[in-house]
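The values are calculated or read from the model by the stated rules, or taken from the named source; none is laboratory data. Just so we're clear, the structure is a prediction, and the values are computed from it rather than from any experiment. When we count neighbours, we look across all protein chains shown, and the Cβ atoms used for this are built from the backbone with ideal geometry, even at glycine. For the accessible areas, the whole protein counts, side chains as well, though only heavy atoms, and no ligand, DNA or RNA atoms are used. Shrake-Rupley method; radii C 1.70, N 1.55, O 1.52, S 1.80 Å.
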Amino acid sequence: MLTIGCHLSTSKGFLAMGQTALSIGANTFAFFTRNPRGGSAKAIDAADAAALRDLMAANGFGTLVAHAPYTLNPCSDKEHAREFARECMADDLVRMEAVPGNYYNFHPGSHVKQGAEKGIELISGLLNEVLRPEQTTTVLLETMAGKGTEVGRTIEELAAIIERVELSDHLGVCLDTCHVHDGGYDIVGDLDGVLAEFDRVVGIDRLRAVHVNDSKNPRGAHKDRHEKIGEGFIGIEAFARIVRHPQLRDLPFILETPNDLPGYAAEIALLRGLAE
Ligand code: FE
Ligand code: FE
Ligand code: ZN
């Protein structure tokens, strides 16, 4: 059975997210670890986290895919911004232990005008400071569309970051279908080829989650504008191949499409149907 869900609001706590997930046919979900714009985080309610863990176990949930605030920039050219990213991620990784053994996804960041090489050095440096041997959370680098000066638009850039991290056992990659398509990879016409390249450069065992989004723009546009499944340039046939692919089908799939909850429920049912 496909492990699939969508982004959910944390406003009513952990258990409420699990209940909402069940109500839309999901068996995983994503959530922001704090305000997506990066403010301070609410204190963790241990009983609420325990109630979610019970609900997940009772209902056969797969791995959750938490998302760091998207304004964090681990490779900013400003020290205070990098310091903020470091503090947020270190704190988030402590907080993630309330729901042990899940994923924490983040955007590698934008190098501004420093160049990708400097960006890679700053991102791997930050990961070397925040990762802890005892953590149970796997940190995922998200593949990016290459908008502006984003780092992570190529598989090689992600590999270069991972190679420089000491505790790289705690690292993986989250493949965002809209982002790789916008980044220029032909997941519509040559999914096998893209995955073979990923395997060669990063290693397929690093691939831990999929953000499943259609794109409002043609391949290589470097725009990053998500579209509903089947309504964009990736298209429904490509999503059928994606959810059935032997190297992808057992991973958690997270929808980040422009939808409300009924829209997500419909997309979950659609993708479950395509996976069969
Ligand atoms: Fe993201
Ligand atoms: Fe994404
Ligand atoms: Zn995106």
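Observations on the structure shown:
- Test: residue in region 244-257 that is in contact with a Phe, Trp or Tyr (Cβ under 8 Å, 6 or more places away or on another chain), more than 30 Å from D169 (Cα to Cα) and either buried (at least 19 other Cβ atoms within 10 Å of the Cβ) or in contact (Cβ under 8 Å) with a residue 60 or more places away in the chain (or both): yes
- Enumerated helices (runs of 4 or more DSSP H) restricted to region 155-202, each holding at least 1 residues that are among the hydroxyl-bearing types (S, T, Y): 177-182
- Given (1) open to solvent by 30 Å² or more (accessible area, probe 1.4 Å); (2) away from ligand 1 (no atom under 13 Å from the Cβ); (3) farther than 17 Å from M89 by Cβ; (4) touching a helix residue (DSSP H, G or I) at 6+ places or on another chain (Cβ under 9 Å), index of the condition K147 fails: (2)
- Number of residues in region 100-120 that are in a loop (DSSP other than H, G, I, E, B) and farther than 14 Å from H67 by Cα: the value is 7.
- For region 121-154, the tally of residues that are outside any helix (DSSP H, G or I), over 18 Å from the mean Cα position of the chain (by Cα) and among the acidic types (D, E) stands at 1.
- Taking the listed residues F61, F84, F32, the one that is buried (at least 20 other Cβ atoms within 10 Å of the Cβ) and among the aromatic types (F, W, Y) is F61, with no other qualifying.
- A single member of V173, V130 is β-branched (V, I, T), in contact (Cβ under 8 Å) with a residue 24 or more places away in the chain, more than 30 Å from I242 (Cα to Cα) and more than 14 Å from ligand 3 (Cβ to nearest atom), and it is V130.
- Every listed requirement among (1) touching a Lys or Arg at 6+ places or on another chain (Cβ under 9 Å); (2) more than 14 Å from ligand 2 (Cβ to nearest atom); (3) among the aliphatic types (A, V, I, L, M) is met by A160 save one, (1).
- Scanning region 155-182 for residues that are open to solvent by less than 10 Å² (accessible area, probe 1.4 Å) and under 17 Å from N102 (Cβ atoms), we see that the one that is farthest from the chain's Cα centre (by Cα) is L171.
- Among the numbered conditions (1) surrounded by fewer than 18 Cβ atoms within 10 Å (Cβ to Cβ); (2) under 30 Å from K118 (Cα atoms); (3) touching a helix residue (DSSP H, G or I) at 6+ places or on another chain (Cβ under 8 Å), the only one that Y70 does not meet is (3).
- Residues that are within 16 Å of ligand 3 (Cβ to nearest atom), among the small types (G, A, S) and in contact with a Lys or Arg (Cβ under 8 Å, 6 or more places away or on another chain) occur in region 140-151; there is at least one.
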